[in-house]
Amino acid sequence: MRTFNWAILGLGHIAHKFAESLALLPNARLHAVASRSAAKAEEFAAKFKVPHAVGSYDELLTIPGIDAVYIATPHSEHHAHTLLCLQGGLPVLCEKAFALNAHQSQDMINTAKERGVFLMEAFWTRFFPAINKALELVADGTIGEVKHLAADFGFVASYQPEARLFNPELAGGSLLDIGVYPLFISKLFLGEPQEIRAVAVPAPTGVDQNCAMVLSYASGATASLFSTLAANTDNQCILYGSKGQLHLNGRFHAANSLALRLTDQEPQLISCEKQGYGYHYEAEHVQQCLEQGLTESPLLPLQFSQELMQLMDTVRQQIGLRYPGE
Ligand SMILES: NC(=O)c1ccc[n+]([C@@H]2O[C@H](COP(=O)([O-])OP(=O)(O)OC[C@H]3O[C@@H](n4cnc5c(N)ncnc54)[C@H](OP(=O)(O)O)[C@@H]3O)[C@@H](O)[C@H]2O)c1
């Protein structure tokens with residue numbers, strides 16, 4: 001079995017979880033880490049026993065043997081960091097939100113295609129066993145025709161105007177950070193909406209603190225979605241069908257089981273394997289794609305990520321949120 005050498009660019013909160021998750025894959029090795037600070041890179045490398053640590057992102061390109069780079073910087077930086085790696089010929093798994101706006105994500109996609117280098121959005125939710133099972137049940141018509149999808153994602157974030165979640169310079173706000181999950185799941189199950197309407201309440205920095213969205217689809221379905229940085233919510237996703245309901249249990253973006261509630265029947269719990277945090281599922285998929293010589297994922301195609309970014313642009317237009325430089 002071929003071993004894949006991973007690199008991580010940007011060593012914040014999620015980089016640590018990703019590094020821990022990689023250890024669950026027998027044929028993955030964390031080969032290099034890059035930070036803006038050499039001391040931080042060395043500390044991270046010591047913790048995870050990483051052979052190469054560099055104190056600038058550019059230096060990552062000088063390390064031989066990297067098979068894929070996981071980009072874990074703020075949304076505002078994804079475009080520049082993805083281009084840096086792609087132009088150096090390195091396959092990229094880039095965190096969500098894929099970019100600041102659809103113009104940037106299109107540029108990333110064009111660059112990957114021109115260079116023939118793999119690129120995928122790190123939408124880990126897509127690769128959980130529970131999501132695959134739910135897609136199968138819905139496609140089989142188990143809950144009949146889906147009429148409505150409701151999904152939420154909210155938590156109380158401590159208000160720090162300079163930090164990633166609230167800072168407009170870092171593309172802060174609930175929509176790009178967590179509202180992207182309800183939008184993602186609605187798109188996964190219902191496709192592209194015909195119509196979308198959004199309202200938001202701003203944080204003092206001007207980015208959205210709460211964002212609520214309603215959508216309608218050609219199939220006759222509707223969706224109601226919301227995100228907030230000011231309240232803990234259940235992080236639920238429920239699909240309401242003509243024959244029953246399907247609940248993605250746990251926090252839906254990392255679901256570990258499904259509840260099937262068919263009309264006039266006892267509810268059924270379907271448990272779905274989930275190991276650790278679950279970041280290794282997306283990493284494993286990237287490895288499989290690379291093994292097959294693919295330059296994009298068949299399960300999470302670049303067009304999907306581009307359309308998701310366009311939906312977020314539409315929402316931001318409606319709620320009047322523009323980021324600096326846009
Ligand atoms: N999939 C998930 O479950 C999940 C969960 C949380 C976050 N995320 C995503 O992961 C990305 C990073 O989130 P995080 O929570 O890890 O953020 P974080 O803790 O703030 O870390 C981001 C890292 O990016 C680097 N960076 C580069 N330019 C920066 C700048 N101008 N300002 C601040 N940091 C900069 C820094 O690393 P160095 O100092 O080492 O260079 C920093 O530690 C975001 O896109 C977020 O949406 C995903």
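When every residue of the range 170-177 is checked against the conditions, none turns out to be under 21 Å from Ser257 (Cα atoms) and touching an Asp or Glu at 6+ places or on another chain (Cβ under 8 Å).
Cβ-Cβ distances below 8 Å connect the following pairs, each with a first residue in the range 250-279 that is over 20 Å from Leu25 (Cβ atoms) and within 16 Å of the ligand (Cβ to nearest atom), a second residue that is aromatic (Phe, Trp, Tyr) and part of a loop (DSSP other than H, G, I, E, B), and a separation of six or more residues or different chains: Ala255/Phe128. Inspect all residues belonging to the range 152-173 and state whether any of them is within 14 Å of His253 (Cβ to Cβ), of a type in the set (A, V, I, L, M, F, W, C) and touching a helix residue (DSSP H, G or I) at 6+ places or on another chain (Cβ under 8 Å). So far as the range 152-173 goes, yes, one or more of its residues are within 14 Å of His253 (Cβ to Cβ), of a type in the set (A, V, I, L, M, F, W, C) and touching a helix residue (DSSP H, G or I) at 6+ places or on another chain (Cβ under 8 Å). Any residue at all in the range 86-109 that's within 30 Å of Gly241 (Cα to Cα), assigned to a helix (DSSP H, G or I) and either touching a helix residue (DSSP H, G or I) at 6+ places or on another chain (Cβ under 7 Å) or touching a residue at least 60 places away in the same chain (Cβ under 8 Å) (or both)? No: zero hits.
Considering Asn235, Asn210, the condition of being in the same structural domain as Leu149 (by TED's automatic domain parsing), over 20 Å from Gln306 (Cβ atoms) and assigned to a loop (DSSP other than H, G, I, E, B) is satisfied by Asn235 alone. When Gly325 is tested against (1) within 18 Å of Asp177 (Cβ to Cβ); (2) modelled with pLDDT under 95, just one condition goes unmet, and that condition is (1). Selection of the range 55-70 for residues being crowded, with 22+ Cβ neighbours inside 10 Å and under 15 Å from Leu11 (Cα atoms) yields Leu60, Val69, Tyr70. Of Ala283, Ala255, Ala221, all but one fail to be in the same structural domain as His79 (by TED's automatic domain parsing) and crowded, with 21+ Cβ neighbours inside 10 Å; the exception is Ala283.
The values are calculated or read from the model by the stated rules, or taken from the named source; none is laboratory data. From a predicted model like this one, the values you see are computed outputs, not experimental measurements. No Cβ is skipped: glycine too gets one built from the backbone with ideal geometry, and neighbour counts run over all protein chains shown.
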